[in-house]
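As structure tokens, the structure follows; a few thoughts come after it.
Since every read-out is calculated from the coordinates, none of them should be taken as a lab result. Only a predicted model underlies this, so the values are computations on that prediction, with no experimental measurement involved. Note: ideal-geometry Cβ built from the backbone for every residue, glycine included; neighbour counts use all protein chains shown.
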Amino acid sequence: MLKTAEAVSIGHPDKTADYISSYILDRLIEQDPHVHYAVEVMIKDNNVVLGGEIKGNVSLSKVEDYVKEALREIGYDEHYAEIWGNYAININKIKVINMIGQQSADINKGIEADGWGDQGVFVGYACQGEGHINHELFLARKLNAALYEKAITSDNLGLDIKTQITLNDLDGIEMAIVAIPMLIDEDLTKFIIETLGEEPKRIIVNGTGTYQYHSSIADCGVTGRKLACDFYSTACPIGGGSPWTKDASKADVTLNIYARYLALENLKDYDECFVYLSSCIGKCELPSAVIKNVKKGMEISTTLNIRKRPSLIIEELALNKAVFTKLCKYGFYCDKIC
């Protein structure tokens, strides 16, 4: 059976949107560690739309600066705009539309009682191997990270990068697919082979032949649209919503990360470990918590009784700190791959 996984860089417009929201969240956490935050971002051409809810002792007076600082961190800075011109997002032309309002008092009531800020279902996964994620996803992310680092120092390669890896039954690489903007055609074959550590049977770079228009100029970026890349590809179901754009009181953030933590903790010598959690808004106890271990095709399920208050789990995972841009860039389920 062939297995395929995709990865995208933070220069991809959807991930750029995720990153901008995560960056703003980090700046507000620095102002108020207890800020409540849920802000979506849409980015099209040179327009950035912010919409959502916030509660806390914070100021949004510098929100336009935050957006531009986030773009610079990604690499979409003034130098990039000079090189790419109309082919990519231009930081000199950015317009920010701010539609952020106050958090609902009904939601806040449950959070103040140290309950979860939402209901939902969440899935964590771990397996044997590098990064304790499925190998095709590990390689797709590794190649993507390497290309992104190469592009950051290049005046020819762009930052809106997609990579896709297909493995065969023997875990050999059948195909590596790369989409990366280029002003002038550049042969990346050797770089791809060296990064992956083996030669794929087939390599495709920029399948349409030309890839120059990119970022929000060629696509509309919206937060939460790259969940298969953010989670575990096709190795397991996606639980809940996007883990970005929200503070840790939201279960989509903390319980997705906690599920991964529990999967790693319970993997031991099993082939795979799946963790299934659910939450109820305003309550701390989880309606369900199940661990499923798999070894040589045999499954063992264990039920957990989790009554930890959200504040304790948030503190254990250090999610009350300004860590969200780092998590958004590198992923919450594996170590930094570079």
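Check every DSSP H run in the chain and write down those whose alpha carbon atoms cover 24 angstrom or more along the long axis and whose mean Kyte-Doolittle hydropathy is 0.0 or greater. TM-like helix candidates: 135-152. Among the listed pairs LYS226/LYS283; LYS62/LYS246; LYS162/LYS296; LYS55/LYS226; LYS3/LYS162; LYS62/LYS95, a Cα-Cα separation exceeding 23 Å is found for LYS226/LYS283; LYS162/LYS296; LYS55/LYS226.
For the pair the stretch 260-329 and the stretch 187-247, the centres of their Cα atoms are 26 angstrom apart. Of the chymotrypsin sites (Phe, Trp or Tyr not before Pro) found in the stretch 239-290, no site is in coil according to DSSP while having at most 12 other Cβ atoms within 10 Å of its Cβ.
With both labels modelled 7 Å from their Cα along Cα-to-Cβ, the GLU186 to GLN102 distance reads 5.1 nm.
Placing unit charges on each Cβ (+1 for Lys and Arg, -1 for Asp and Glu) gives the chain a dipole about its Cα centre, and among LEU183, GLY221, ASN86 the Cα reaching farthest toward its positive end belongs to GLY221. The GNM of the chain, with springs linking C-alpha atoms under 10 angstrom apart, assigns the highest mean-square fluctuation among ASP252, ASP230, ASP271 to ASP271. For the pair the stretch 134-162 / the stretch 1-77, the C-alpha centres are spaced 20 Å from each other. Think of each Lys and Arg Cβ as +1 and each Asp and Glu Cβ as -1; about the Cα centre, that makes the dipole of the stretch 14-104 roughly 220 debye. Summary value for the chain: 27 percent relative contact order, contacts being C-alpha pairs under 8 angstrom separated by 6+ residues.
Longest exposed-loop-site-free stretch of the chain, with GluC sites (Glu not before Pro), DSSP loop and at most 15 other Cβ within 10 Å? In short, 1-185.
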